[in-house]
Structure formats: C-alpha cells, structure tokens
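Trainee: Please read through the structure below; I'll follow up with questions.
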Amino acid sequence: MSFDLVIFDCDGVLVDSEVISCRAHAETLTRHGFPITPDGVLKRFLGVSDREARRIVESEIGRALPETFEAEVKHATLSFYADDLSAIAHVGEAIAALGLPKCVASSGTPEKIHHGLTCAGLYDQLAPHIFSATQVKRGKPAPDLFLFAAAQMGATPARCVVIEDSVAGVTGARAAGMTVLGFYGGSHCTAEHEGMLRQAGAAVTFADMRKLPDLIARVGATASAD
C-alpha cells in the first residue's frame, strides 16, 4: 500500500451536517442583509472556510458583518446539531477497518468539529488528531490545511489520501499533492455532485462508506504500481 495517512474532511464525510450548517448560515446571513437560502449556501460555500465565506459576503454587501456573526452562526448550528445530527452511514465501521493512521482536516472551528464528532459518536475514534482551518493562514480551497495536517502527522503529502465531499476540498488536497477520494453519499449531495468531484480531481468517487477500506487499498496499490 502506498499511503501512510488517511485525512478525513468532517462535514459531509464523517457527520451528515452540511444541510444543518447551511440552514444555520442561511438564516443568519439573511437576518443581516444577505438574503440566501440553505441551498444557495450549499452551492456557493460548500467546503469553503467560514473566514473565506465571510470575506466573500462582506465584499458583495460592501460592509462588514457584525462582530457577533460567527457566534450567532455557531449558536444556531450547535442547537440544530442536538436534534438533527447523525454520523454518515457506516463511517464508524469504515474508520475502524482502516489499518492506517488517520486524522481530520476540517474547515470548521475546533468547537464545531468537536461537538459534531461527539454528537455523532465518532470523536473517540479520531481524537486527538483533529485539525481546523483556524490553525492555518488560508482555508480550503488552498492546500494549507492539508499540508499542515500531514506535517503534524509526520506524513509526506504524496503518501496521503484525502476523503472529501466538496470541490473546494478536492481542489485544496490536489494542490497539496495528495490523492483524493470523492464522497457523495451525504444528504446534501445532488445528482451532479459526483461529476463535480471528478472534474475537480478526485481519483475515484463513491457513495457508500462500506467501500472505503477496499477503495483505499485498491487506489494505493495502483499508485504503487505506477
């Protein structure tokens, strides 16, 4: 096997949270003069760090969002998590079956990641190797977070495989020189999602986490042969 490290995105890969997160962002943005639906948030900002999404919104409305904006989004998100969040189907078993070091590299804040993984019952399987875009200068689609995660784990980027559900995430991981498997099994994924991930550079795409261990082995063996 050619891989030394598996890097998981969090939202939409480990926890089925993208719909919840988009709802929280849409309600808060609309309240502050940027009318948008949850579907609009999904299409425009999936995988993009909160910092970068805020920069884009502020540029378009021509003013700064209030200092309380992040806190308002976080409060709404965490309150929705308590009632609606679940793990991606079969991801716990897939993680347990992987015989490789693993970590999380997410655009979310550390508190959001911790809360989401805890609510979904996955935190103990992945802690303490959990990294956030708040720890780097640039979030996805830049490669910074993936390179940071690999460095913290002592892995060479070319020997890392990333599990991502967003174009921004695939783009960032590919820019870091990593192999990407595109996951389109979250409740937020549309019929076009698989093709978008492939076009962004995913080596393979899949919608069932039960396939993940074999996919990593197969793609790794192919990379070794090359």
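Trainee: Kindly indicate whether any position in the stretch 73-93 is over 17 Å from G116 (Cβ atoms), of a type in the set (G, A, S) and in contact with a helix residue (DSSP H, G or I) (Cβ under 8 Å, 6 or more places away or on another chain).
Mentor: No, every residue in the stretch 73-93 fails to be over 17 Å from G116 (Cβ atoms), of a type in the set (G, A, S) and in contact with a helix residue (DSSP H, G or I) (Cβ under 8 Å, 6 or more places away or on another chain).
Trainee: Do we find that G139 is in a loop (DSSP other than H, G, I, E, B), in contact (Cβ under 8 Å) with a residue 24 or more places away in the chain and either farther than 23 Å from I56 by Cα or among the acidic types (D, E) (or both) in this structure?
Mentor: Spelling it out, it is not the case that G139 is in a loop (DSSP other than H, G, I, E, B), in contact (Cβ under 8 Å) with a residue 24 or more places away in the chain and either farther than 23 Å from I56 by Cα or among the acidic types (D, E) (or both).
Trainee: Also, I was wondering about something else. Looking at (1) surrounded by 16 or more Cβ atoms within 10 Å (Cβ to Cβ); (2) touching a residue at least 12 places away in the same chain (Cβ under 8 Å); (3) of a type outside the set (D, E, K, R), which is the only condition Y123 fails?
Mentor: All conditions pass for Y123, except number (2).
Trainee: Name the residue, out of L98, L65, that is of a type outside the set (D, E, K, R), assigned by TED's automatic domain parsing to the domain that holds F183 and at pLDDT 90 or above.
Mentor: L98
Trainee: Still on this structure: Residue check: is S166 closer than 25 Å to A96 by Cβ, in contact with a Pro (Cβ under 9 Å, 6 or more places away or on another chain) and at pLDDT below 95?
Mentor: yes
Trainee: Scan the stretch 72-98 residue by residue and report those that are free of Cβ contacts under 8 Å to residues at least 40 places away in the same chain and surrounded by fewer than 16 Cβ atoms within 10 Å (Cβ to Cβ).
Mentor: Within the stretch 72-98, H75, S79, A82, D83, A96 meet the criteria.
Trainee: Does G108 qualify as being within 17 Å of the chain's Cα centre (by Cα), part of a helix (DSSP H, G or I), in the same structural domain as R138 (by TED's automatic domain parsing) and not charged (D, E, K, R)? Please lay out each step first, then the result.
Mentor: Details: within 17 Å of the chain's Cα centre (by Cα): yes; part of a helix (DSSP H, G or I): no; in the same structural domain as R138 (by TED's automatic domain parsing): yes; not charged (D, E, K, R): yes.
So G108 does not fit the description; no.
Trainee: (1) modelled with pLDDT of 95 or more; (2) touching a helix residue (DSSP H, G or I) at 6+ places or on another chain (Cβ under 7 Å): which one isn't true of C119, the others all being true?
Mentor: The number of the failed condition is (1).
Trainee: Looking at the stretch 49-70, can you tell me whether even one residue there is closer than 22 Å to I20 by Cβ, in contact (Cβ under 8 Å) with a residue 12 or more places away in the chain, touching a strand residue (DSSP E or B) at 6+ places or on another chain (Cβ under 8 Å) and surrounded by fewer than 17 Cβ atoms within 10 Å (Cβ to Cβ)?
Mentor: no
The values are calculated or read from the model by the stated rules, or taken from the named source; none is laboratory data. On a predicted model such as this, the values are computed, not experimentally measured, just so you know. Here Cβ is always computed from backbone atoms with ideal geometry, including for glycine, and neighbour counts include all displayed protein chains.
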